[in-house]
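The values are calculated or read from the model by the stated rules, or taken from the named source; none is laboratory data. Note that the structure is a prediction, hence the values are computed from the model and not measured. Glycine gets a Cβ as well: all are built from the backbone with ideal geometry, and neighbour counts include every protein chain shown. The area values use the complete protein model at the heavy-atom level, side chains included, leaving out ligands, DNA and RNA. Shrake-Rupley method; radii C 1.70, N 1.55, O 1.52, S 1.80 Å.
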Amino acid sequence: QVQLVESGGGLVQAGDSLRLSCAASGRTFGSYAMGWFRQTPGKERKFVAAIGWSGSTYYADSVKGRFTISTDSAKNTLYLRMNSLKPEDTAVYSCAATFTSAVPTTVDEYDYWGQGTQVTVSS
(Lines give C-alpha, C1' and ligand atoms only; values in the text may rest on other atoms or scores of the structure.)
Protein backbone atom coordinates (compact mmCIF):
# COMPACT_ATOMS: atom_id res chain seq x y z
CA GLN A 1 0.00 0.00 0.00
CA VAL A 2 1.06 3.56 -0.70
CA GLN A 3 -0.31 6.65 0.99
CA LEU A 4 -0.08 9.98 -0.82
CA VAL A 5 -0.59 13.44 0.67
CA GLU A 6 -0.54 16.57 -1.48
CA SER A 7 0.25 20.09 -0.35
CA GLY A 8 1.15 23.45 -1.82
CA GLY A 9 -2.09 24.51 -3.47
CA GLY A 10 -3.55 27.96 -3.08
CA LEU A 11 -4.89 31.11 -4.68
CA VAL A 12 -2.54 32.92 -7.06
CA GLN A 13 -2.76 35.43 -9.86
CA ALA A 14 -2.24 34.71 -13.54
CA GLY A 15 1.46 34.58 -14.34
CA ASP A 16 2.44 33.46 -10.85
CA SER A 17 4.15 30.20 -9.90
CA LEU A 18 3.35 27.43 -7.43
CA ARG A 19 5.01 24.22 -6.40
CA LEU A 20 2.87 21.27 -5.40
CA SER A 21 4.27 18.47 -3.27
CA CYS A 22 3.12 14.90 -2.83
CA ALA A 23 4.57 12.97 0.10
CA ALA A 24 4.54 9.20 -0.28
CA SER A 25 4.62 6.69 2.57
CA GLY A 26 4.12 2.98 2.98
CA ARG A 27 5.59 0.79 0.27
CA THR A 28 7.94 3.21 -1.48
CA PHE A 29 10.54 0.80 -2.79
CA GLY A 30 10.54 -0.86 -6.16
CA SER A 31 9.88 0.49 -9.64
CA TYR A 32 6.95 2.83 -9.57
CA ALA A 33 5.70 5.73 -11.60
CA MET A 34 3.98 8.81 -10.29
CA GLY A 35 1.77 11.36 -11.91
CA TRP A 36 -0.28 14.50 -11.47
CA PHE A 37 -3.86 14.86 -12.60
CA ARG A 38 -6.33 17.70 -12.27
CA GLN A 39 -10.08 17.95 -12.14
CA THR A 40 -12.63 20.74 -12.33
CA PRO A 41 -16.25 20.46 -11.17
CA GLY A 42 -18.36 18.32 -13.46
CA LYS A 43 -15.39 17.26 -15.57
CA GLU A 44 -13.31 14.12 -15.73
CA ARG A 45 -9.91 13.95 -14.13
CA LYS A 46 -7.25 14.88 -16.69
CA PHE A 47 -3.60 13.96 -17.03
CA VAL A 48 -1.08 16.70 -16.31
CA ALA A 49 2.35 15.10 -15.98
CA ALA A 50 4.03 11.83 -15.09
CA ILE A 51 7.49 10.59 -14.19
CA GLY A 52 8.82 7.07 -14.34
CA TRP A 53 11.27 5.24 -12.13
CA SER A 54 14.00 5.87 -14.70
CA GLY A 55 13.25 9.58 -14.72
CA SER A 56 11.36 9.71 -18.01
CA THR A 57 8.72 12.42 -18.02
CA TYR A 58 5.55 13.12 -19.98
CA TYR A 59 3.39 16.23 -20.03
CA ALA A 60 0.00 17.20 -21.30
CA ASP A 61 0.28 19.60 -24.23
CA SER A 62 -1.54 22.26 -22.24
CA VAL A 63 1.22 22.44 -19.61
CA LYS A 64 4.31 21.57 -21.63
CA GLY A 65 6.98 24.22 -21.17
CA ARG A 66 5.29 25.68 -18.08
CA PHE A 67 5.10 22.76 -15.62
CA THR A 68 7.93 20.54 -14.42
CA ILE A 69 7.49 17.22 -12.62
CA SER A 70 10.28 15.90 -10.42
CA THR A 71 10.97 13.60 -7.49
CA ASP A 72 13.18 13.59 -4.44
CA SER A 73 13.82 9.92 -3.72
CA ALA A 74 15.45 10.61 -0.38
CA LYS A 75 12.29 12.36 0.79
CA ASN A 76 9.85 10.08 -1.06
CA THR A 77 8.28 13.22 -2.46
CA LEU A 78 6.86 14.13 -5.84
CA TYR A 79 6.77 17.74 -7.01
CA LEU A 80 5.01 19.74 -9.67
CA ARG A 81 6.50 23.13 -10.38
CA MET A 82 3.93 25.30 -12.14
CA ASN A 83 5.06 28.51 -13.83
CA SER A 84 3.16 31.10 -15.85
CA LEU A 85 -0.12 29.94 -14.38
CA LYS A 86 -3.31 30.68 -16.27
CA PRO A 87 -6.93 30.84 -15.05
CA GLU A 88 -7.61 27.64 -17.00
CA ASP A 89 -5.12 25.85 -14.73
CA THR A 90 -7.61 26.23 -11.89
CA ALA A 91 -8.49 22.75 -10.62
CA VAL A 92 -8.03 20.22 -7.85
CA TYR A 93 -4.65 18.63 -8.41
CA SER A 94 -4.11 15.03 -7.31
CA CYS A 95 -1.01 12.89 -7.31
CA ALA A 96 -1.06 9.21 -8.14
CA ALA A 97 1.30 6.26 -8.04
CA THR A 98 1.50 2.76 -9.46
CA PHE A 99 4.12 0.03 -9.55
CA THR A 100 5.25 -0.25 -13.15
CA SER A 101 8.32 0.30 -15.27
CA ALA A 102 6.21 2.29 -17.72
CA VAL A 103 5.08 5.90 -17.41
CA PRO A 104 1.27 5.81 -17.37
CA THR A 105 -0.72 8.80 -18.51
CA THR A 106 -4.29 7.64 -17.88
CA VAL A 107 -6.35 7.56 -14.70
CA ASP A 108 -7.10 3.84 -14.94
CA GLU A 109 -3.40 2.92 -14.90
CA TYR A 110 -2.82 4.31 -11.41
CA ASP A 111 -3.59 2.40 -8.21
CA TYR A 112 -2.96 4.94 -5.46
CA TRP A 113 -4.27 8.47 -5.15
CA GLY A 114 -3.93 11.43 -2.87
CA GLN A 115 -6.86 13.50 -1.66
CA GLY A 116 -6.06 16.48 -3.87
CA THR A 117 -5.12 20.10 -3.36
CA GLN A 118 -6.96 23.10 -4.79
CA VAL A 119 -5.19 25.48 -7.14
CA THR A 120 -7.04 28.65 -8.07
CA VAL A 121 -5.62 31.12 -10.58
CA SER A 122 -7.31 34.49 -10.79
CA SER A 123 -7.15 36.67 -13.89
Filter result for Q3 (farther than 17 Å from T117 by Cβ, of a type in the set (S, T, N, Q) and open to solvent by 50 Å² or more (accessible area, probe 1.4 Å)): no
Applying the selection to the stretch 55-70, what residues are under 22 Å from D16 (Cα atoms) and not in a loop (DSSP other than H, G, I, E, B)? Y59, F67, T68, I69, S70
Filter the stretch 84-123 for residues that are touching a helix residue (DSSP H, G or I) at 6+ places or on another chain (Cβ under 9 Å) and part of a loop (DSSP other than H, G, I, E, B); which is surrounded by the most Cβ atoms within 10 Å (Cβ to Cβ)? T100
If you go through the stretch 17-54 one residue at a time, how many are open to solvent by less than 60 Å² (accessible area, probe 1.4 Å) and part of a strand (DSSP E or B)? 19
